[in-house]
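Remarks on the structure that follows.
The values are calculated or read from the model by the stated rules, or taken from the named source; none is laboratory data. The structure presented is a predicted model; accordingly, all values stated were derived computationally and were not measured. Cβ placement follows ideal geometry from the backbone for every residue including glycine, while neighbour counts extend to all protein chains displayed. Side chains are part of the model used for accessible areas, which takes the heavy atoms of the whole protein and leaves out ligands, DNA and RNA. Shrake-Rupley method; radii C 1.70, N 1.55, O 1.52, S 1.80 Å.
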Amino acid sequence: MDSFYINGGNKLFGELEIGTSKNAVLPILAGCILCDKKVILHKFPKYQDTLNMLKILQSIGASCELIDDVAIIDCQSINKCRIETELASKLRSSIFTLGAMLSRFKKAQIAYPGGCAIGARPIDLHIKGLQGLGVKIVDKHGFLYCDGSNMKSGVINLDFPSVGATENLIMTSVFLKGKTKIINCAREPEIVDLVNFLNCLGAKISGAGTSVIEIDGVKNLNGGEYTPISDRIIAGTYIIATCMCGGKITLKNVCVDNISSLLSKLKNNCCKMSIKGAKISLSVDRLPKAISKIETQVFPGFPTDLQPQIVSMLSVARGTSVVVENLFESRFKYVSELKKLGADIIVNGNTAVIKGIPNLYGAQVQSFDLRGGAAMVLAGIVAKGYTIVRDVNHIDRGYFCIEDDLKKLGVDIERIKEV
Ligand code: EPZ
């Protein structure tokens, strides 16, 4: 795997356009399976996960063409409804194809999904919801054999507002005769975007963004064109980076409402912020202040996908902060690497106590997962001296050439290709 070589200490200056949301595009790609006509997705992001999702579609017979940042997806020629382990285990979102394949073919076979090693990542809520719609599921050594021949609309109460389970159940219900209701569903912006995409193709779904979504079954979907929302986690990552390092940046194509929980935590902290539509400018001329407590929550609470990055910032803040991770049971693994840079952090269960110190110092550190790796890069940018961040292909799953973006902002960073 590649590494990043970072010479820390530079402030950030410049302007970036935020790319399209990984976690919106992934379920939308699964949703393409529902449609046997051409779908065109604009501003298509070439993250490793989105490229692997295209490979999954191609593995079941879809044709996927990328022309610059336009993806042309034709699922008419799909002739399989089985996703093999080798592909399914590469990413979490492979499981989103289950609902779409069941909708289209009334059967599906899929290996357990992969995804960042931030917890057990079970799929019991997906399975329970599908069974609630009449799907028969046999789990044979981590491979699911699903029979949807007796599927019917109904009411599903989710025990937890799981993002993926909500997306899977929406796609399972699109063609079910009558009305399906999903109660206690996730409210993330990426759910709203998936529903907007499916409705644009002719689905009849309401309530997205609330905790009750209703799907009125339709006969089929048309083809169409769609531009997914921008990535709120990438925007949040660069905002946090600037708060850590100081400087003055402008980010374009930001869905500001989708990062309000972060912005409110940074209010009166260390940055002057101005927001004009989808453009956010911030200037930082002092060290960040500690934040007494941050708890990760489902949307619209503080996003778990920004937890490692904010902890990285708090490690150089003035004072002591507390961060509680409520979504994933092992999402503090990166802290051991932050400590190699000198951070003073104590983790006890799902709580991290971060005592801010004046400086971090360059060292060799590991990326264990996508957002933990991003947190290492942020720490390397602010640390004095050289930092080597290893295994950065984890970061490539959700950021497109992050080193190019950071170079544009004045960071002294080079990618060292694995020999
Ligand atoms: C999505 O994962 C995102 N991934 C994650 O982003 C994000 O962290 C997460 O939602 C929460 O916002 C994609 O959209 C591809 P969940 P997902 O189901 O769907 C438990 C990133 O960095 N759970 O809402 O897997 C689960 O263990 C990634 O971009 C069950 O117990 O998240 C977790 O504790 C990381 N049983 C909690 O629910 C289930 O069947 C939230 O999981 C499903 C989930």
*Identity of the residue in region 179-219, in a strand (DSSP E or B) and of a type in the set (S, T, N, Q), that ends up nearest to the ligand (Cβ to nearest atom)*: Thr210
*Examine region 287-296 for a residue that is in contact with a Leu (Cβ under 6 Å, 6 or more places away or on another chain), modelled with pLDDT of 95 or more and hydroxyl-bearing (Ser, Thr, Tyr), and state whether such a residue exists.*
yes
*Name every residue in region 40-70 that is away from the ligand (no atom under 16 Å from the Cβ), under 22 Å from the mean Cα position of the chain (by Cα) and β-branched (Val, Ile, Thr), in order of residue number.*
Ile40, Val70
*If we scan region 56-63, do we find a residue that is open to solvent by 10 Å² or more (accessible area, probe 1.4 Å) and in contact (Cβ under 8 Å) with a residue 40 or more places away in the chain?*
no
_Of the criteria (1) free of Cβ contacts under 8 Å to residues at least 12 places away in the same chain; (2) away from the ligand (no atom under 15 Å from the Cβ), which one Gly349 fails_ = (2)
*Could you give every pair whose Cβ atoms fall below 6 Å, whose first residue belongs to region 108-120 and is farther than 11 Å from Asp369 by Cβ and more than 10 Å from the ligand (Cβ to nearest atom), and whose second residue is charged (D, E, K, R) and at pLDDT 90 or above, counting only separations of at least 6 or pairs across chains?*
Gln109/Arg82
*Take region 285-319 and flag every residue that is in a helix (DSSP H, G or I), within 29 Å of Lys384 (Cβ to Cβ) and within 16 Å of the ligand (Cβ to nearest atom).*
Asp305, Leu306, Gln307, Pro308, Gln309, Ile310, Val311, Ser312
_I need a count of the residues in region 387-419 that are out of contact with any strand residue (DSSP E or B) (no Cβ under 8 Å at 6 or more places or on another chain), open to solvent by less than 10 Å² (accessible area, probe 1.4 Å) and in a loop (DSSP other than H, G, I, E, B)._
2
*Subset of region 362-385 that is within 11 Å of the ligand (Cβ to nearest atom) and of a type outside the set (Asp, Glu) - its residue that is surrounded by the most Cβ atoms within 10 Å (Cβ to Cβ)*: Ala374
*Report yes if Phe105 is in contact (Cβ under 8 Å) with a residue 24 or more places away in the chain, touching a Pro at 6+ places or on another chain (Cβ under 8 Å), surrounded by 15 or more Cβ atoms within 10 Å (Cβ to Cβ) and closer than 25 Å to Lys219 by Cβ, otherwise no.*
no
*With the checklist (1) open to solvent by less than 50 Å² (accessible area, probe 1.4 Å); (2) in contact with a Leu (Cβ under 9 Å, 6 or more places away or on another chain) in hand, flag the one item Ile40 doesn't pass.*
(2)
*Pick from region 64-73, criterion among the acidic types (Asp, Glu) and out of contact with any Lys or Arg (no Cβ under 7 Å at 6 or more places or on another chain), ranking: least open to solvent (accessible area, probe 1.4 Å)*: Glu65
*If only one of Leu125, Leu130, Leu144, Leu176 is within 8 Å of the ligand (Cβ to nearest atom) and open to solvent by less than 70 Å² (accessible area, probe 1.4 Å), which one is it?*
Leu125
_Among the residues of region 239-251, are any out of contact with any Phe, Trp or Tyr (no Cβ under 6 Å at 6 or more places or on another chain) and under 25 Å from Ile40 (Cα atoms)?_
no
*Hey, Glu15 hits all of (1) crowded, with 17+ Cβ neighbours inside 10 Å; (2) of a type in the set (D, E, K, R); (3) in contact (Cβ under 8 Å) with a residue 40 or more places away in the chain but one; which does it fall short on?*
(1)
*How many residues, within region 225-248, are touching an Asp or Glu at 6+ places or on another chain (Cβ under 7 Å) and among the β-branched types (Val, Ile, Thr)?*
2
*Name the pairs: first residue in region 370-386 and part of a loop (DSSP other than H, G, I, E, B), second residue open to solvent by 10 Å² or more (accessible area, probe 1.4 Å), Cβ to Cβ under 7 Å, at least 6 apart or on different chains?*
Ala383/Gly8; Ala383/Tyr361; Ala383/Gly362; Gly385/Gly8; Gly385/Tyr361; Gly385/Gly362
